[in-house]
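One structure is given below, encoded as structure tokens.
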Amino acid sequence: MKKYFLLVGIILFLSCAENHTSEKPGVAVVRINQLGYLPGSIKVAVFGSKNNTTVKSFSLFDAETDKEVFNSKNPESKGAYGPFQSSYRLNFSAYNNPGKYYIKANGIKSPAFRINEDVYDHTADFLLEYMRQQRCGYNPYLTDSCHLKDGYILYNTAKEGERIDVTGGWHDATDYLQYTATSANAVSQLLLSYRDNPEAFGDAYKSSGLPGPNGIPDIIDEAKWGMDWLKKMNPSSTEYYNQIADDRDHAGFRLPNKDSVVYDPKRKGRPVYLANGEIQGAVKYKNRSTGIASTAGKYASAFALGAMVLKDFYPRYTDNLPKRAIDAYRYGEQNPGVSQTAPGGAPYFYEEDNWVDDMEFGAAGLYRLTQNENYKEAALKYASEEKTTPWIGKDTVVHYQYYPFLNAGHYELASALESNMKATVASYYDMGLQMLHDRGKDNPFYIGVPFVWCSNNFVTAAVTQSKLYHRLTGDETYLEMEAALRDWLFGCNIWGTSMVVGLPDYGDTPVDPHSSLNFLEGYQTNGGLIDGPVYGSIANSLIGVELHNEDEYAEFQSELAVYQDDVGSFSTNEPTMDGTACLVYYLSSLESESIAKGHQKKQYTFDESGAIIRADTSEKKINLMFSGDEYADGAEEILDILEKYGIKAAFFFTGNFYRNQQFAPMIKKAKKQGHYLGAHSDKHLLYNDWTDEKKLLVSQEEFKSDLKANYTEMEHYGIRKEEAPYFLPPYEWNNEIITQWAEQMDLILINYTPGTLSHADYTTPGTDNFKSSDNIMQSILSLEEKKGLNGFMLLSHIGTHPDRSDKFYSRLDELISTLQERGYEFESLENILNLKK
């Protein structure tokens, strides 16, 4: 959610700051974690050069003053790696002061980055944006529905071909297949994230996924969305459906609400495969299924966690979850083995070969839920049978061969055990981490995962396993590797890019993900964890990979690994739902740990439509906003007063206003003075009627066309949309659909902070709603005395109808001086809505 990550300024990438250097940008680079570094964490950057070169020292500089604040003469040489002939780890962990910095080594300057306790604030919630975008049934991102006819049953002899209502859940990735394996895992990861790190999550969206708080953390809304679907896929104690659709879905780019694939002209919807323990494949190819336990175990763990975590929010909803968990676990015991996904006309499927980890997770969850010792003993038995997840230590594995990539059952079990047994189960994590350490310790990025499809899922699993192990034991052996894996995901990697779309939005992140939403409509998949790099041998052998644009990372590709930010690179640049859900746990852990150390996370206030209506309230800061459509009689006076006090305000004008050449001089003056100039609709349209229902008065196309026209007029003044992402709705009146449509356009809908009459300065004498300037001033100062104005966005108008002679802008000087005397600081809109500063 870009509401949380907007920073102002230009970040310089790979630039050379001196005339005399021993390396050239592009030939040599310094890679950093673009999100930044926690003060007390291990902090390492990586230097890489295509030349055989020596780095004897490096320095850390304050990015604001260019003053050197730290120097080290101990770079750690790591030799050749990937495209680099020389590489070094640059450890600056000893420096902990918060601020904005860059590193310089051999004359090469890194991008700027921050050291602060807040660098991971709101990141876990940001990933939920992609989860909402992947919703099936009602899709809040598109404000439309899809796949409402799902589906008809396959591989259930008693019900073959019958209709079953399984609408809902999440699409797996860019295609629209839905798998119990990935969805149940996602539900469990979301539930674990909230249970262990509740402080990390906010409330800015409704249960429908549309903008606007509903009193329930967004992660709980999302977990319940997945749980609703799992319940539908489990209509009885002997029916555990495994997937919806098959690879016939791979029919090219299309939006989910315009899915034209027909599986059977005689049946409605898509095929729904029962997990029956048999080899399956509806067309040409078959899987290698041997049982049901892998699927049943995943149902059991999700249901058990749901029974414990969701009951505080939905007591009646969870009444049947304990029984569902017990039934699923028992069915898994009765049907050991794996239930792989079913292929269709191509040989590709999720080739899951392990299942005892799923049964361990289910048993561990049931033990925590029921305290029944039998579940504990069963979980211990399963844990001992698969101590380490089998992908760890391997050079290559087939697609989803060992899934889930993280064995969360070890943590669920160990955290419920006494010391000796707890240590035993925790030691299984230690074994895997040691193997990852041994594979990664000799390369500059300390990365020991195989570069196969979904390599970022392996990184996410590894970094989370390290976090869980440290939580269980306090052992700090793997903290440097954990930091390196974390940094890899956010830019300290060969290519210098984040592996999460839009995070951070001021850095180098994927812009052309393999996504129909992106390819067809330009909608960005914000929050989505992409597949990640693959071995060069894989990249060069895949059928159907065709780049749509020039590879901007071409100079960093090698036989070791290839990553391409291109919609055609489906093996490296496709966001995945389950990988994204799994990363939520780790990021929420970092947020929670910062809060536990006393860090106070800043927050916005949202109205019922999801518009930001107030900045953080922890400091006495205010923003002044002005809107305009027809009138600008106060423009010169307002601008002069603002300049007198050195205040940067925000001005929101309609296209009508920007087109009016009489207003051009003041617009140019406001821009020159550094004020924010934003959009207020082109024609000052009323989007919703004035009833409580706020019935829409415009279509989405009318809305988009009008707003685009507003930005077109702004471009005549050199104001690009990217520089003006905050949007004030006309009449300050909208609903959650308008907010969502604005979000689709990468715009952030805001509104004034309610509680005063500042916005009523347009009213005219003789009308029922007239408010005098005295009334307005008194309302502001009275509210300040009673409740304070911290984080306020105070709106008035740049001009009013001639019938109003009592102009409130004539009291602006008085208002500013009075509030300054009361200790308030006037902030620019960009700064007051930038929670990272």
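Each value in this text was obtained by applying a stated rule to the coordinates, not by laboratory testing. Quantities reported herein were computed from a predicted structural model and do not represent experimental measurements. Please note: Cβ atoms are built from the backbone with ideal geometry, for glycine as well, and neighbour counts cover all protein chains shown.
Here are some notes:
- Computed from backbone phi, the HN-Hα couplings of the stretch 548-558 come to 8, 9, 4, 6, 6, 9, 3, 6, 10, 7, 7 Hz, rounded to whole numbers (Karplus: 6.51 cos²θ - 1.76 cosθ + 1.60, θ = phi - 60°; Gly and Pro given as x).
- Relative intensity of the stretch 141-271 on a log10 scale, I(q)/I(0) at q = 0.17, 0.22 Å⁻¹, equals -0.97, -1.36, per a Debye sum over C-alpha point scatterers of equal strength in the absence of solvent.
- Fully extending the segment from Leu697 to Glu76 would add 217.2 nm, taking 0.36 nm per residue of separation and subtracting the current Cα-Cα distance.
- Modelled FRET efficiency - R0 22 Å, Ser145 with Tyr317, Cβ distances, 0.05 increments: 0.50
- Relative contact order of the chain, defined on C-alpha pairs under 8 angstrom at six or more residues apart (%): 12 percent
- A straight chain from Ser705 to Ser558 at 0.36 nm per residue would run longer than the Cα-Cα distance by 48.5 nm.
- Two numbers describe the Cα atoms of the stretch 605-832: Rg and Dmax, which are 16.7, 48 Å.
- Spin-label model distance (nm) - Ser237 vs Glu476, 7 Å beyond Cα toward Cβ: 5.2 nm
- Residues whose placed amide H lies under 5 Å from that of Lys206, excluding near-sequence neighbours: Gly212
- Modelled FRET efficiency - R0 22 Å, Leu781 with Leu686, Cβ distances, 0.05 increments: 0.10
- GluC sites (Glu not before Pro) within the stretch 516-603, DSSP loop, no more than 16 other Cβ atoms inside 10 Å: Glu546, Glu550, Glu552, Glu559
- Stretching the chain fully between Thr370 and Ala664 yields a gain of 98.7 nm (0.36 nm per residue, less the alpha carbon separation).
- Relative contact order [Cα under 8 Å, 6+ residues apart], the stretch 123-595, whole percent: 16 percent
- On the basis of the beta-carbon distance and an R0 of 60 Å, Tyr645 and Thr157 show a calculated FRET efficiency of 0.15.
- Translational diffusion of the stretch 560-654, µm² s⁻¹ [Kirkwood Rh, Cα pairs; Stokes-Einstein; 20 °C; 1.002 mPa s]: 113 µm²/s
- Other residues whose C-beta falls under 11 angstrom from the C-beta of Ala346 contribute a net charge of -1, scoring Lys and Arg +1 and Asp and Glu -1.
- Base-10 log of normalised Debye intensity for the chain (one unit scatterer per alpha-carbon) at q = 0.05 Å⁻¹: -0.29
- Cα gyration tensor of the stretch 123-595 - equivalent ellipsoid semi-axes, whole Å, descending: 29, 28, 22
- Loop-resident sites, the stretch 594-634, for GluC sites (Glu not before Pro), counting at most 10 other Cβ within 10 Å (DSSP): none
- Excluding same-chain neighbours fewer than eight residues apart, the lysines reachable from Lys602 by a Cα-Cα span under 17 Å are Lys2, Lys3, Lys620, Lys621, Lys836, Lys837.
- In summary, the lysines within cross-link reach of Lys771, defined as a Cα separation below 22 angstrom excluding same-chain residues under 8 places away, comprise Lys786, Lys787, Lys807.
- Seen from Lys266, the other residues with C-beta closer than 14 Å to its C-beta sum to a net charge of +2, counting Lys and Arg as +1 and Asp and Glu as -1.
- Using just its DSSP H runs of length 4 or more, each adding -39500 (n - 2.57), the chain gives a mean residue ellipticity at 222 nm of -10000 deg cm²/dmol after division by all residues.
- All lysines inside 24 Å of Lys376 as judged from Cα atoms, apart from same-chain residues fewer than 8 positions distant: Lys298, Lys311, Lys323, Lys387, Lys422, Lys467
- Within the shell of other residues whose beta carbon sits under 11 angstrom from the beta carbon of Tyr469, the net charge comes to -2, with Lys and Arg scored +1 and Asp and Glu -1.
- The stretch 427-526 - Rg and Dmax from Cα coordinates, angstrom: 15.5, 49
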